[in-house]
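Quick notes on the structure that follows.
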Amino acid sequence: MIAAAIGCQPKMLIADEPTTALDVTVQARILELLKELNRKNGLAMILISHDLGVVADICSRVVVMRNGEVVEQGPIDEVINRPRHPYTRLLIESQPGRKSYGAVSGPDRATPLLSIENLSVTFQAGRGPLGGFGTDNPFRAIDGIDLKINTGETVGIVGESGSGKSTLARSIIRLNTPSGGAIRLDGQDVGALGGEALAAFRRRVQMVFQNPYDSLNPRLTIAEAVAEPIWRHGIADRKAAQKEADVLLDMVELPSSLRDRKPLQLSGGQCQRVGLARALALKPQLLIADEITSALDVTTQAQVLELLVRLQRERSLTLLYISHDLAVVSSLCQRVYVFKAGRVVEQGEARQVLFTPQDPYTQALVGSLARLPSAPAIPLSQPVVTHARWLDCRRPLRFPFRNR
Ligand code: ADP
Ligand code: MG
């Protein structure tokens, strides 16, 4: 899309969240490219973003909007260092990585809830969505991965786009067929499940998808979409399911006025919350969240993360959290796996891996973060002062990343 937009050398570019779906290393390259076009060709640009780090990186002026109104505007340094409007302050304070969600750790058990052994997933050339890779060699998207998740744990997966994160997630819920290795839930081979056992598995493991529009039936209203799994799995009749759906939609804070709409009539962030409500409808034990906060602005993102942590405490939900946002992963997850080209290059305690990365690839990921100019000044070991409403945090957050 970016290539298409700059192809005819426009004088002005309107970029609406151009890097939101990208991992940090690709994002850094795209931002570099945009800066260069601005320098060399005098390209004027309106960059729309919920990521203040990105805005601070490439914009000279910023306009802060809320509810359809401009609440503040001015030179970027001035707005970020001396925000006048309370909403701007909230935006700055809600930047990921400024808060610890104090994820709860689950009981350690001999058998992990989910265990993945030596998993491989290959795609045949010619079968891809764009008609293949022009070669007969099968493409290995997952190349021998081992991964374990215990009950109640929050495990993060990070890595560049294309590193196989979504493929792994889709394999767990059987949307991709592995070419080798095993996936076990409570010791049971997931690939061998059928009939009632498979239905039970689907109740226990739910996923929120990366693209919220793709994962919802465009013909169902929001309220119907959330109620559907409840009555379909025979947990309640349609009427009771509808009531339960309302409770779930309240939980993800989706206004009642939006519930009779179809997915395409919602914003990406609203739609993503519907996906979350739907995934939670069956009270799963394991929730796989694939880049679920990437499309959300930072304040909504903070709300969704808080919701997840609350659910974890209340229901001892186990969470596999896939994200290219290292700051969110470091504040939410206990353990993390770093993916590169279908392999795990580094794994371990989340803060340790992301604060003091050992592998050069993890170091490159961490080094490419776009941030507020004020953030990197915080030394590695000094805790960030947290916002008053976040005082229930267990540990103060240490801002993990040094300046580039
Ligand atoms: P990530 O979620 O980490 O961005 P994916 O798991 O979506 O990455 O993709 C991993 C790799 O597998 C990519 O190179 C992608 O192009 C390829 N891939 C994903 N799905 C298919 C498919 N259905 N057919 C062929 N290749 C695919
Ligand atoms: Mg993905």
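The values are calculated or read from the model by the stated rules, or taken from the named source; none is laboratory data. Only a predicted model underlies this, so the values are computations on that prediction, with no experimental measurement involved. Cβ atoms come from the backbone with ideal geometry, glycine included; neighbour counts cover every protein chain shown.
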| query | Only one of these conditions is not met by ARG310: (1) surrounded by fewer than 24 Cβ atoms within 10 Å (Cβ to Cβ); (2) in contact (Cβ under 8 Å) with a residue 40 or more places away in the chain; (3) in a helix (DSSP H, G or I). Which number is it? | reply | (2)
| task | For the stretch 322-344, state whether one or more residues are more than 15 Å from ligand 2 (Cβ to nearest atom), surrounded by fewer than 24 Cβ atoms within 10 Å (Cβ to Cβ) and within 30 Å of PRO138 (Cα to Cα). | result | yes
| message | Being closer than 13 Å to ILE142 by Cα, buried (at least 20 other Cβ atoms within 10 Å of the Cβ) and more than 10 Å from ligand 2 (Cβ to nearest atom) is the filter here; which residues of the stretch 154-182 pass it? | response | SER171, ILE172, PRO178
| said: Give me the residue from the stretch 159-206 that is part of a helix (DSSP H, G or I) and of a type in the set (D, E, K, R) and, out of that set, farthest from ligand 1 (Cβ to nearest atom). | reply: GLU196
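Listed here are the residues, each with its yes/no results for (1) in contact with a helix residue (DSSP H, G or I) (Cβ under 9 Å, 6 or more places away or on another chain); (2) modelled with pLDDT of 90 or more; (3) on the phi > 0 side of the Ramachandran plot.
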{"position": "LEU33", "(1), (2), (3)": "yes, no, no"}
{"position": "ALA44", "(1), (2), (3)": "yes, yes, no"}
{"position": "ARG61", "(1), (2), (3)": "yes, yes, no"}
{"position": "VAL64", "(1), (2), (3)": "yes, yes, no"}
{"position": "PRO96", "(1), (2), (3)": "yes, no, no"}
{"position": "VAL104", "(1), (2), (3)": "yes, no, no"}
{"position": "PRO107", "(1), (2), (3)": "no, no, no"}
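Quick check on ALA223: is it over 20 Å from LYS262 (Cα atoms) and either over 23 Å from the mean Cα position of the chain (by Cα) or surrounded by fewer than 16 Cβ atoms within 10 Å (Cβ to Cβ) (or both)? Can you show your working first?
On the way: over 20 Å from LYS262 (Cα atoms): no; either over 23 Å from the mean Cα position of the chain (by Cα) or surrounded by fewer than 16 Cβ atoms within 10 Å (Cβ to Cβ) (or both): yes.
Considered against the rule, which asks whether it is over 20 Å from LYS262 (Cα atoms) and either over 23 Å from the mean Cα position of the chain (by Cα) or surrounded by fewer than 16 Cβ atoms within 10 Å (Cβ to Cβ) (or both), ALA223 comes out as no.
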| query | For the stretch 291-307, what are the residues that are within 20 Å of GLU228 (Cβ to Cβ) and surrounded by fewer than 22 Cβ atoms within 10 Å (Cβ to Cβ)? | reply | none
| request: State whether the residues of the stretch 186-203 include one that is surrounded by 15 or more Cβ atoms within 10 Å (Cβ to Cβ) and of a type in the set (Gly, Ala, Ser). | output: no
| request: Look through LEU286, LEU258, LEU317 and report the one residue that is closer than 28 Å to VAL54 by Cβ and not acidic (Asp, Glu). | output: LEU258
